[in-house]
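Report on the following structure.
Each reported figure results from applying straightforward, stated rules to the coordinates on display, with no laboratory input. Fair warning: this is a prediction, and the values are worked out from it, not measured in the lab. Cβ coordinates were reconstructed from backbone atoms using ideal geometry, including for glycine residues, and neighbour counts include every protein chain displayed.
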Amino acid sequence: MQDNLNILWGECQQILRDNLSQSAYQTWFASVEAIQWENNLLVLQVRSQFIVDYIEENYLDILSRVLRKVFGANVRLEYRVLMAGSSVDIPSDTQKIHSTTTGTPLTQGTAFEARNNWETHLNTQYTFSNFVKGEPNKLARAAAVEIAKNPGKTIFNPLFLFGGSGVGKTHLANAIGNEVCALNPNARVLYVAANTFKLQFQDAVNHNRVPDFLMFYQSIDVLIVDDIQYFADLKGTQDTFFQIFNHLQQTHKQLILTSDRSPMELRGMQERLLSRFKWGLAAEITRPDYALRKDILAYRLHKDGIKLSEDIVEYIATNVTENVRDLEGVLASLLAYATLTDSPIDITLAQTAVGRLVQLHPKTFDPKDIVDTVCQQMNVSERIITARTRQREAVRARNIIMYLIKKYTDSSLAEIGKQVHRDHATVAHSLAQMEDLMSYDAVLRQEVATIERALGR
């Protein structure tokens, strides 16, 4: 009886093997055993509840069709989950087993693409082809392209993308994943937001499934974690991610992380994690400069087949400075209005759209102007600012300079450092200090406000 069951289940496994990617089959079905077949009830033995849940959620369609093909139309399915020293029987979603009749026909000898059976959670709209290249993202994009060609095998592992909101970090991270999938359909690529990872881990803890959680994440070829700053102060989450990070690194898998700040500026993060974030490449994507803003507008207009006068394009590019998302929002607003009212877009309409969506900045600053103004207002010399001195007035003025340059210019941390003769790490540390002080030091806030008024803000 058991011999016959083994033969039948062997047929099922062969069909699954032929229709799934090798990695999907090995992870979810290779260890599954058929242990009982009686009165149309098939019992499959699995190693953990986590595997049962994943199969039921992601593979029940194909599994049900395989079972009906081999065991007959009336087959019912039950799982026997091995526990410590015992087991528990769990019925499958039998209603779905019998109601599922659609889907790709089962074949033997022809594998599906992995993405048909593996949910990457990538945004397929984010690709390299529609990521507009410019000076603010030049390094990050170049590294991303190399990683996509050879994930886990370059020196850019991990790739740590950081920058403000809406500058293109998520787009670029997804573009890597989509390109990897295009070049290698069998690759296990996963995009996950840090908050989602946190919730998944907590659920695993609550249901005693942490080992299964680890096994799942350690099986991934390219792991993309977005907004990793949300791991701050979460010890359990960080401990678990540390294990995942180490395993993927040791097995030459690719990690891509994004954050709104550099590794040096991350707070509430374990030092051992921070040190690993620096192993590969930390690439900053800054706010789009004027040239990039014009290129982004030109690309969007060309893509949508829309023509705008040069003065309107220049007005938008000049006044919408913070991020790509704002640029696209203003453009979408203009196009929507023009479509709904069947009227042309003029400069007055452009001014209205920009004014509604973004805060207009009447003046932009050269970093040197900020240095000069701070020195004048605080009665210190530029020589003291750039010198290797720890005098209180010099440190305070230097920190304010870096804070204001970061706030009012597109300068990277390295470019800020050049103004005060300090390295990237020192700038990051000083900006973090200023952020703290500005939250509770009323005297400092007043001092900064006075300097801002002198700048014309």
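Worth pointing out:
- N206-S309 pseudo-label distance in nm [points 7 Å out on the Cα-to-Cβ vector]: 5.8 nm
- Taking a Cβ cut-off of under 14 Å around I51, the surrounding Lys, Arg, Asp and Glu residues balance to a net charge of -2, with basic ones at +1 and acidic ones at -1.
- R383, R287 arranged by Cβ crowding within 10 Å, fewest neighbours leading: R383, R287
- Top positive-direction residue, dipole computed over the chain with Cβ charges, set I451, N184, F231: I451
- Net charge of the neighbourhood of R422, taken over other residues with C-beta under 10 Å away and scored Lys/Arg +1, Asp/Glu -1, is +2.
- Peptide packing: for 317-327, 26-36, the average count of neighbouring Cβ atoms within 10 Å per residue gives the ranking 317-327, 26-36, highest mean first.
- Within the chain: Cβ-based charge dipole about Cα centre, in debye rounded to nearest 20 (Lys, Arg +1; Asp, Glu -1): 1040 debye
- Whether segment 367-455 is rounded, prolate or oblate, judged on the alpha carbon gyration tensor where a/c under 1.5 counts as rounded: rounded
- Based on Cα atoms of segment 232-335, Rg over Rh with Rh as the Kirkwood radius reads 1.18.
- Relative to the longest principal axis of the Cα atoms of the chain, the long axis of helix 442-455 lies at roughly 70 degrees.
- Summary value for segment 1-78: 33 percent relative contact order, contacts being C-alpha pairs under 8 angstrom separated by 6+ residues.
- Three semi-axes of the equivalent ellipsoid, segment 135-284, Cα gyration tensor, whole Å, largest first: 23, 19, 13
- Note on the chain: Rg/Rh from C-alpha atoms, Kirkwood Rh, equals 1.08.
- Positive minus negative residues near D260 (Lys, Arg vs Asp, Glu; Cβ under 10 Å): 0
- Spread over its residues, the convex hull of the C-alpha atoms of segment 290-357 is 77 Å³ per residue.
- For Y440 and E11, the difference between the fully extended length at 0.36 nm per residue and the C-alpha to C-alpha distance is 147.6 nm.
- Calculated FRET efficiency for the pair S381/A332, C-beta based, R₀ 35 Å, to 0.05: 0.10
- Residues V443, V330, V380, V189 arranged by fewest to most Cβ contacts within 10 Å: V443, V380, V330, V189
- Relative contact order (percent, whole number), the chain, Cα cutoff 8 Å, 6+ residue spacing: 12 percent
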